[in-house]
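What follows is a set of notes on a single structure, which appears directly below.
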Amino acid sequence: MGAIMKKLIIGLLSITALGQEAYLDAPYENLVHPVDNAKNIKSFNSVSNTKELISKVTSVKSQGSRGTCSIFSATAILEAMLIIKGYETKDVDLSEEWLEYLAMSTNGLKTTDGSYSYANFNAIKKYGMVSENTLPYISEDWSEGGFSSLKNERCSHLTGNYLKNCYLGHFDARLINSTLTALKDSEISGAQLVYDLIKEGKEFKKKVKFSNTSSQLYSTAEIKNYLSNGIPLTMGIDFFYGAWNHRKAAEYGIGRDASNWNEGIVGYPEYNSKDRTISRQHRAGHSVMIVGYDDNYVVTTNVLMNDGTYKEFNYKGVYFFKNSWGTSSFGATTKIGNEYYPGYGIITQKYANEMGSFYVLPVE
């Protein structure tokens with residue numbers, strides 16, 4: 001008990017040092033959880049070649065102080081698939097800023113952050129993608145206040161929900177629905193840039209082809225089949241602060257394990273735990289890119305229960321994932337095999353399968 005308390009106290013004391021970049025999506029609705037049928041199929045290896053897949057993935061990035069994790073996971077899987085299919089090399093760097101604008105502006109006039117894989121994939125297929133050099137990511141959430149000349153330039157002419165939307169997408173939402181001719185002649189701030197972005201997106205669409213295969217995966221057999229064949233996936237999941245050892249776990253009185261946070265280990269929100277009870281009162285979602293699995297890997301967690309006691313749990317079977325919270329905080333010392341992968345994470349299959357939804361991006 002002393003060791004458990006020591007780790008949790010360290011977590012409480014470390015709240016200002018850990019997880020400052022760990023921003024989240026709004027809660028996801030209508031997640032489709034996979035049927036766990038892979039254990040009935042003997043042909044699957046118990047461990048996928050995670051390191052081989054990671055070797056074809058671009059570097060870990062940080063979403064900063066914006067709720068854009070699903071944007072980052074969608075961009076990450078697109079970059080990976082372009083590398084795997086031979087369209088690009090590992091130095092490919094695509095624009096999360098562009099995809100966030102599309103997510104905020106092409107699926108209704110959104111006034112809160114957050115998207116999900118299926119919508120992001122559809123936006124990529126419809127509008128194409130642009131490079132990070134063309135439109136670099138802005139890590140600040142403009143809706144949090146403060147002044148910047150670009151924020152004023154892009155959004156000050158708007159009011160109401162259009163203004164709220166501009167703070168999220170960083171452009172006037174009406175621009176994406178304008179014709180190229182109208183954009184070229186427009187005096188609205190950002191119109192000329194959006195004109196160039198749409199043209200670059202059209203060139204991307206000419207080059208990259210997508211199949212009509214469904215993105216949604218419905219079983220763990222499908223999940224492991226793709227991962228075994230070196231194809232990454234995205235996963236959106238209901239967020240539980242204690243399972244992730246998130247900075248707010250300490251704030252909410254759930255308990256936090258600083259060591260597991262540093263090692264990128266994500267447990268499970270046990271029944272009758274503070275985590276399962278309290279996290280549901282502060283709903284959020286998170287999205288990551290899944291790069292492998294290990295059915296034999298055991299995760300051990302110490303969970304604060306509703307009765308005030310701590311209980312140890314062991315979970316066999318994990319997925320490995322690429323996160324979007326940078327490399328110096330969450331997962332700073334994540335270890336897969338005998339190598340370190342800063343910014344990556346390890347999540348129990350129990351949590352992921354029960355509360356996550358998995359997607360594949362069908363690049364031909």
Q) What helices (runs of 4 or more DSSP H) completely inside segment 242-350 contain at least 2 residues that are under 22 Å from G64 (Cβ atoms)? A) 247-251, 258-262
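Conditions tested, residue by residue: (1) surrounded by 15 or more Cβ atoms within 10 Å (Cβ to Cβ); (2) touching a Leu at 6+ places or on another chain (Cβ under 9 Å); (3) modelled with pLDDT of 95 or more; (4) part of a helix (DSSP H, G or I).
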position	(1), (2), (3), (4)
E88	yes, yes, yes, no
W98	yes, yes, yes, yes
Y101	yes, yes, yes, yes
N107	no, no, no, no
S115	yes, yes, no, no
A123	yes, yes, yes, yes
T134	yes, yes, yes, no
Q: Mind listing whichever residues of segment 160-195 are within 23 Å of A26 (Cβ to Cβ) and assigned to a loop (DSSP other than H, G, I, E, B)?
A: H170, F171, D172
(Q) With in the same structural domain as D307 (by TED's automatic domain parsing), more than 21 Å from T334 (Cβ to Cβ) and of a type outside the set (G, A, S) as the only criterion, which of E203, E222 stands out? (A) E222
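Here's the yes/no breakdown for (1) modelled with pLDDT of 90 or more; (2) in contact with a strand residue (DSSP E or B) (Cβ under 8 Å, 6 or more places away or on another chain); (3) surrounded by fewer than 16 Cβ atoms within 10 Å (Cβ to Cβ); (4) among the charged types (D, E, K, R):
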{"site": "A22", "(1), (2), (3), (4)": "no, yes, no, no"}
{"site": "S46", "(1), (2), (3), (4)": "yes, yes, yes, no"}
{"site": "K51", "(1), (2), (3), (4)": "yes, yes, yes, yes"}
{"site": "I71", "(1), (2), (3), (4)": "yes, no, no, no"}
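Hey, could you check segment 136-156 for residues that are touching a helix residue (DSSP H, G or I) at 6+ places or on another chain (Cβ under 7 Å) and more than 26 Å from L233 (Cβ to Cβ) and say which is surrounded by the fewest Cβ atoms within 10 Å (Cβ to Cβ)? I'd like the intermediate steps shown before the answer.
Step one: filter segment 136-156 for residues touching a helix residue (DSSP H, G or I) at 6+ places or on another chain (Cβ under 7 Å), giving 136-138, 142-143, 151, 154-155.
Among the residues that remain, those that are also more than 26 Å from L233 (Cβ to Cβ) are: 136, 138, 142-143, 151, 154-155.
Values: P136: 12, I138: 16, W142: 22, S143: 18, K151: 17, R154: 22, C155: 23.
Looking at the filtered set, the residue picked out is P136.
Go through segment 39-69 and count every residue that is touching a Gly at 6+ places or on another chain (Cβ under 6 Å), assigned to a helix (DSSP H, G or I) and not β-branched (V, I, T).
Let us first name the residues in segment 39-69 that are touching a Gly at 6+ places or on another chain (Cβ under 6 Å), namely 48, 50, 53, 60, 62, 67.
If we keep only those that are assigned to a helix (DSSP H, G or I) too, we end up with 50, 53.
Filter once more, keeping what is not β-branched (V, I, T): 53.
Summing the residues that are touching a Gly at 6+ places or on another chain (Cβ under 6 Å), assigned to a helix (DSSP H, G or I) and not β-branched (V, I, T) in segment 39-69 gives 1.
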Q: Within segment 218-239, track down each residue that is of a type in the set (F, W, Y) and either assigned to a loop (DSSP other than H, G, I, E, B) or in contact with a His (Cβ under 7 Å, 6 or more places away or on another chain) (or both).
A: Y218, F239
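Scan segment 151-173 residue by residue and report those that are of a type in the set (A, V, I, L, M) and under 20 Å from T68 (Cβ atoms). Before the answer, list the steps.
So the first thing to find is which residues in segment 151-173 are of a type in the set (A, V, I, L, M), and the list is 158, 163, 168, 173.
Listed by number, the residues that qualify are L163, L168, A173.
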Q: Could you figure out which of (1) without any contact (Cβ under 8 Å) to a residue 60 or more places away in the chain; (2) over 22 Å from the mean Cα position of the chain (by Cα) isn't true of L197?
A: (1)
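Please state which one of I254, I290 is in contact with a strand residue (DSSP E or B) (Cβ under 7 Å, 6 or more places away or on another chain), free of Cβ contacts under 8 Å to residues at least 60 places away in the same chain and of a type outside the set (D, E). Reasoning before the result, please.
Details: I290 fails: free of Cβ contacts under 8 Å to residues at least 60 places away in the same chain.
Selected residue: I254, the only one of I254, I290 that is in contact with a strand residue (DSSP E or B) (Cβ under 7 Å, 6 or more places away or on another chain), free of Cβ contacts under 8 Å to residues at least 60 places away in the same chain and of a type outside the set (D, E).
Here are some residues: S73, S143, S148. Which one is within 16 Å of the chain's Cα centre (by Cα) and polar (S, T, N, Q)? Talk me through it step by step, then tell me what you get.
Details: S143 fails: within 16 Å of the chain's Cα centre (by Cα); S148 fails: within 16 Å of the chain's Cα centre (by Cα).
Step by step, each of S73, S143, S148 is checked, and only S73 is within 16 Å of the chain's Cα centre (by Cα) and polar (S, T, N, Q).
The values are calculated or read from the model by the stated rules, or taken from the named source; none is laboratory data. Predicted model only: the values in this text are computed from it and were never measured. A quick note on method: Cβ atoms are made from the backbone with ideal geometry, for glycine too, and the neighbour counts reach across all protein chains shown.
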